[in-house]
1. Residue check, residue A:118 against (1) in a helix (DSSP H, G or I); (2) at pLDDT 90 or above, all met but one. Which one?
2. List, please: which pairs have Cβ atoms under 9 Å, are six or more places apart or on different chains, and start with a residue in region D:105-132 that is at the interface with chain A (Cβ under 7 Å from one of its Cβ atoms) and over 14 Å from residue A:37 (Cβ atoms) and end with one that is in a helix (DSSP H, G or I) and hydroxyl-bearing (Ser, Thr, Tyr)?
3. Give me the pairs, please: first residue somewhere in region A:59-78 and within 13 Å of chain C (Cβ to nearest Cβ) and crowded, with 17+ Cβ neighbours inside 10 Å, second residue anywhere and assigned to a helix (DSSP H, G or I) and among the basic types (Lys, Arg), beta-carbon distance under 8 Å, and either six or more positions apart or on two chains.
4. Being surrounded by fewer than 20 Cβ atoms within 10 Å (Cβ to Cβ) and without any contact (Cβ under 8 Å) to a residue 12 or more places away in the chain: is that true of residue D:147 here?
5. Failed condition for residue D:28, given (1) surrounded by 15 or more Cβ atoms within 10 Å (Cβ to Cβ); (2) modelled with pLDDT of 85 or more; (3) closer than 28 Å to residue D:210 by Cα; (4) not assigned by TED's automatic domain parsing to the domain that holds residue D:215, with all others met?
6. Would you check if there is a residue in region B:165-175 being surrounded by fewer than 18 Cβ atoms within 10 Å (Cβ to Cβ) and within 25 Å of residue B:108 (Cβ to Cβ)?
7. Tell me which helices (runs of 4 or more DSSP H) are completely within region A:132-222 and hold 2 or more residues being under 30 Å from residue C:71 (Cα atoms), or say none if there are none.
8. Which of the following residues is surrounded by fewer than 17 Cβ atoms within 10 Å (Cβ to Cβ), away from chain D (no Cβ under 14 Å) and either under 30 Å from residue C:100 (Cα atoms) or out of contact with any strand residue (DSSP E or B) (no Cβ under 7 Å at 6 or more places or on another chain) (or both): A:92, A:149?
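The values are calculated or read from the model by the stated rules, or taken from the named source; none is laboratory data. The model shown is predicted, which means the values in this text are computed figures rather than measured ones. FYI the Cβ positions are ideal-geometry reconstructions off the backbone, even for glycines, and counts take in every protein chain you see.
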Amino acid sequence: MSGNAFRRLRGDWLVRTLQFFLLLLAFLLFMGISRVFPFFPPPYRVLSAAGELISGGEINQHLLVTLYETLTGFLIAIILGIWIGLLLGVSRTLALIFEPIILSGYAIPKIIFLPLLMMIFGVGLNSKIANAALHAVFPVILNTLVGIREVNGIFLKVARSMNATRVQTFAKVYFPSMVPPVFAGMRIGLGFCFLGSLLAELFEAKMGLGFLVAHFYNLGQIAKMLAVILLVFLLTMMINAGMKAIENRLSRWRATWKS
Amino acid sequence: MEELISVKRVSKIFEDSGVNTGGSVEAVGKVDFQVRRGEFVSLLGPSGCGKSTLLDIVAGLEPPTSGEVLIAGQTVKGPHPKTAMVFQSMSVFPWRTALENVEFGIELKGMEKKARRERARQVTQLVGLAGFEDKYPSQLSGGMNQRLAIARALALDPEILLMDEPFGALDEQTRFLMGLELLRIWEETRKTILFVTHSIAEAIQLSDRVLVMSARPSVIREEIPILLPRPRTIETLTTEIATQIERRIWDILKVEAAKGMTPDGR
Amino acid sequence: MKKCWIFLTALVGLLTLSVPPPASAQLRTVKIALTSQENMDNLPYFVGMKAGFFKEVGINLEPSYFRGGGDVVRGVTTSATDLAGSAAPSAVFIAASKGEKIKVISSNVGQLLIVWVVKANSPYKSIKDLKGKKVGFSSPGSVTHTTIQAILKTEGMEKDVEIVRAGTPGENWTAVSNGVIDAGWHVSPAVYNLVSKGEARILITASNYIKDYTQSSVAAMEEVIEKNPDMIRNLLKARAKAIKFISENPDKTMSIWAEELKLPIEIIRLAYKDLPKGVYETASPKPESLLGAMREAIGAGGMKEPLDLKKVTDFRFLP
Amino acid sequence: MAVSERIKVKAGQAAALLLFLGVLEWLVRKRFVSVLVLSPPSAVAMKMLEDLQGRELWTSLQVTAMEFLLAALISFVVGSFFGIVFFRFRIIRSALEPLLLAFYSAPTILLYPVFLTLFGLGSPAVVSMAVVLGSIPIMVNVSVGLAGVEPIFVKLGRSLNAGPWLMFRKVMLPAATPTIFTGLRLGFTYALVAVIAVEFITFSGGLGKLVSWRYFLFDTEGLFSAIAFIILIASLMNRLLQRTEDRIRKRWT
């Protein structure tokens, strides 16, 4: 085994053990907290509650409702986001005026628009979908914009020198080079969508994982509440990992291009 | 051999609408020259003398401010079907495999897939990339990617190849070998080549005639025929005559290159 | 920009259509907004549904439970539901003062039955001990909000106690048990569960302070009333039958209530025994109790000046 | 950008804003949208003026400002400490980084009941959650900034045999400042977002609570006025941080 391979292996091994100890520490800390605060259940009760929720199927319809809100909001965010991104990418004046406004969108807590969305779309699912879309549209717009601007000038010159029509230029030059950045925007957008629908459910809802967290808190069933939060965190990690895998496959050439 | 390209009193002034410099930049002065069919002519000049702009004008990518360019007797309005261009920087599409890159031009023309694939395979072999058809540009060396760019141009079966310092980004040795490779392809395909470079050695190694250009605004200072036997090899390029020609070109360029050294001259 | 507006309006249209309301065969579905499930205000509706009184008059009642009096009213004004079965009058008046065309069409619970509880082992013996502490209520403009402010005012303590929005009775009790607030509001029957188990102790009984008060009312938007007066008349008729049923067959009522709230029958028996006579009404609330609610709503900062009662009530449909 | 172009952009933005408000005003005036869903901008503007004179806005602003400053300070201290630890001990960084990034993308706000119980209702819970969200970007950027210092500078420092502390203060820190400042900007921005979001969800005082409170009181104009103030404050702070960062970057690179 060559020198650095060995060192890398040793490094990984060390990292793994450190992570294990940190996890153990967290576990003990959690146990400690549950002693100090009677309100807090010990970790194993949370894990068994999680198991119960899944096997008992109590969580299924809530999971479906949240996923329905997230995915619908995601669809709207993509259509709206890419459309606005293209609009700004094409026209310089629009970009000069609206890009700073969209950039400051990140600094504004978007949850304050939830009451407005509830007044417009009612207390049902539509306001959750709207909130999810509102949270996700910003990264999609900005990454689409980046995608257009990053198209290499030389490629456009090549296309022009070969008399490519506007449609051909878009399909064969713009589109392929925009796929990776736009997809990255969609991955971030999906995370925000999930956040948006959960927050809306937390505020006022009848169904959904966000509602479940508030509901169990109201009933004082803290083990179940923490179990739902744990499941939500795992779900986010899975969604993120899945999208990252697709993204790497989509820009297979890009990964090698960068190395 | 009839005249294929004729450039008549072409000049180019960029109305710089940008805010920083303001005013206009005269890139190309008054330029006249012709290229006969099958000839290998190079445009040699100091960096920033507007030779690439001139090539863009011949290729129809840039309209001249005055004068005109005729290809096979027709005035050039836009990219001419009879010409194909090869650029300096990495101009192959990283998301396409080598073969797909070569097909790009004929794909745009709408050539049917089977014929297109066959043509592309043939040209890929011609430029010596057989066996690399399915590799991505990121998996190929700089030299191989430039061969791809040449193959992409050749696939269009143009009469004229317009090459803008295609080997500029390569190291000395690879550049010389790519030069020999280009000459082999040129002899095999009998194309007419207009080649832009800032390297005297490369101009001498490759061309029948060298048009030495002045600093900006560029004009043709002198036209120097390269009376060296073909095919060009290390021996022919190190003969007494070759070094004489080199010294003569260097005398002209020394003055022009100095102009480019002042801070504002780009 | 024009293209963008067309796109957006089309998009909003698409959205609202995406969740079509379910239609049932011959019964007319009526979506009713009720306060949180564990609240005694909802008993007439549980009984009406289980005993089939609503079905008799051709109504398939579909309840959706909201966290506080204010939320119930918003469930009606955003037309997510057809009418409110247990809406806080103060919230109705606040909404009306802002221009919402919502009207009280009947009383639901004519007296004030809410209480504030503390942990059984807590040091608080009387309301005076809550100085500098935190007390919970449901949501702004609701009965609990307006009442606690009135009580603190009569005790001259409104500056020394921090009142905190803590949502439903369940939420309030969770907050009390983990020390987020010191006293939380609660209401029969769930409160008996906590008291009998020795976990909680009642510290403040609202009815000791405020006599005439309509705790919750039946309210609907003017538009809904004009469009289907028969539905309103039938609903109130069925509701009146349910109320008669509650007082005439205690055992069946208690079993319905226990099953609906999944609480042990002994707790429900305690709660039922404690219900004052004629607590549930199908009548026009006494004007002074409505005015009381309006006075508290102004006190809570929900509205500036009082409204003309005639404009916010419509008792034409009472049986 | 030249001055003339910057003015043109500002004018364009002002025009776009006025057009947007004008359309809203028209929509409400012409009854396309009920006045209870969308208050006409003119009414909102009046309410904003009223708020400026009233006490409610200022007390809320005071609470939010205090919570934000506290959260920003703690995030800075916590973030820089862990950032330096991550830089010095590469093992710890590779061990903790996946966890941190997962934490960062996950909806941490859902943990508000946990923070409510640990830290109690009101400012403590708000500040603690804001610190969690605010310190992560600082941590990451401090460690990345220090790691990204040009090796030549490090060699130069070592050649002048500067001690570790001197090396850190005189070479590493100045070189890493642009990246570190980006971390601070992101950290402070997310801290402010977290403060207002948690106030909104837990009703625990400040501008966030003002919005949800007025929603429940059917005070639509008040709601829009509170939202407008939050947008103003958040984008003002964001522009301020952005401008300072640009100035730093211009001087450095």
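1. For residue A:118, the exception is condition (2).
2. Going by the 9 Å Cβ cut-off, the qualifying pairs are D:105/A:236; D:106/A:236; D:107/A:236.
3. A:69/A:128; A:73/A:128
4. no
5. The one condition residue D:28 does not meet is (2).
6. The answer is no, given that none of the residues of region B:165-175 is surrounded by fewer than 18 Cβ atoms within 10 Å (Cβ to Cβ) and within 25 Å of residue B:108 (Cβ to Cβ).
7. Of the helices (runs of 4 or more DSSP H) lying wholly inside region A:132-222, those with at least 2 residues that are under 30 Å from residue C:71 (Cα atoms) span A:175-203, A:209-218.
8. A:149
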